[in-house]
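Encoded as structure tokens, the structure appears first; notes follow it.
The values are calculated or read from the model by the stated rules, or taken from the named source; none is laboratory data. Model, not experiment: these values are computed from the prediction. Using ideal geometry, Cβ is built from the backbone for each residue, glycine included, and neighbour counts are taken over all protein chains shown. Just so you know, the surface numbers come from the protein's heavy atoms only, side chains and all, with ligands and any DNA or RNA stripped out. Shrake-Rupley method; radii C 1.70, N 1.55, O 1.52, S 1.80 Å.
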Amino acid sequence: MTVFSRLAGAALQVSLTALLAAVVPPYYVYKLTTYLLGAVFPEDVAGKVVLITGASSGIGEHLAYEYAKRGAYLALVARREVSLREVGDRALALGSPGVLVLPADVSKPEECEKFVDDTIRYFGRLDHLVNNASIWQVCKFEEVEDVNHFRTLMDINFWGHVYPTRLAIPHLKKTNGRIVGVTSNSSYIFIGRNTFYNASKAAALNFYDTLRMELGGDIRITEVVPGVVESEITKGKILTKEGEMKVDQDERDAILGPTPAERVGDFARTVVRDVCRGARYVFEPRWYMGVYLLRVCLPEVLAWNSRLLTVHRAGASSTDTLGKWLVELPGVRRAVQPPSLRSPEIKDQ
């Protein structure tokens, strides 16, 4: 039986190799053709309705601005009402014909139901659902005293994508709409000290992959996979185990180290452009595609590198990692971090 199994396995590998040789060239011709058609004939979102969660700052805020410049109506969701209204005012100034501000918590199903219903009641339709709400919580797994401290993380980063999606699907089917799921490169990269955060993002990514297959062409799905992008999270805003939000830039530096951060305006411009072109995935910055290939082809190398930079201590404190030491070298922080990330100030309302 063992010999038979080995022979069958070898035959399968040969068959798959031959199949790939036959299928890959026409597949990439198809991909190139659809890319060019999307670039020449992008979706016009002027007059369409876009609902964005996590819209009070960072990525969600700037996605709202890019949709506003294209003439879309906006329904903006976040917990901080004052900041959300400021984003709404600027979106109107940038060209949105109408903005609905909806203070809500995406981790609560009843609030998700209310903001989806309010959007339909106010605008009469829904064309794009952008699930962007996210928080960051860090800790090495072996140091976790109670895993229940991480329930809030999963409630927002995973269930905060599931609840609005489930409620929006009937409305998106009517408009042949689109779901835009903003996840993270943490869904496929081994980033130390991020055990539960990585898991929450991987869960969301696989949720969208499976949902795309189930829905077929009724609703299109774009998965946005950000690298390190200028936002409150990359400022060091984390949820503590006590349930409080605080900015800890030492912890941020211990994990992100000297990784270059992309300016959020550039990121949002690229994302909305690619969404309108019909992209299934948007990896941004683009060079993270190389890290993805490393994850597939040389996972041991990626794991070793992550452990070296984010887990091993280079000093007495738990945050004294090699990555933090590198970013503190003269001139490095200025080269890799936009000015906003060097300040601990965040929106508090």
Spans of helices (runs of 4 or more DSSP H) in the stretch 142-221 with at least 1 residues of a type in the set (Phe, Trp, Tyr): 159-175, 195-215
Residue list for the stretch 280-297, restricted to those being over 21 Å from GLY58 (Cβ atoms) and either in contact (Cβ under 8 Å) with a residue 24 or more places away in the chain or within 13 Å of the chain's Cα centre (by Cα) (or both): ARG280, VAL291, TYR292, ARG295
From ALA104, ALA72, residue being closer than 21 Å to VAL264 by Cα and either open to solvent by 40 Å² or more (accessible area, probe 1.4 Å) or touching a strand residue (DSSP E or B) at 6+ places or on another chain (Cβ under 9 Å) (or both): ALA72
Residues that are touching a residue at least 40 places away in the same chain (Cβ under 8 Å) and assigned to a helix (DSSP H, G or I), drawn from the stretch 300-318: LEU302, ALA303, SER306, ARG307, LEU309, THR310
Selection count where residues are under 30 Å from ARG307 (Cβ atoms) and touching a His at 6+ places or on another chain (Cβ under 8 Å), scope the stretch 140-190: 1
Selection within the stretch 229-273 - modelled with pLDDT under 95, small (Gly, Ala, Ser) and part of a helix (DSSP H, G or I): ALA254
Which listed residue, of TYR35, TYR28, TYR65, is part of a helix (DSSP H, G or I), within 27 Å of THR175 (Cα to Cα), among the hydroxyl-bearing types (Ser, Thr, Tyr) and open to solvent by 60 Å² or more (accessible area, probe 1.4 Å): TYR35
Unmet requirement for LEU126, which otherwise passes all of (1) open to solvent by 20 Å² or more (accessible area, probe 1.4 Å); (2) farther than 30 Å from GLU345 by Cβ; (3) assigned to a loop (DSSP other than H, G, I, E, B): (1)
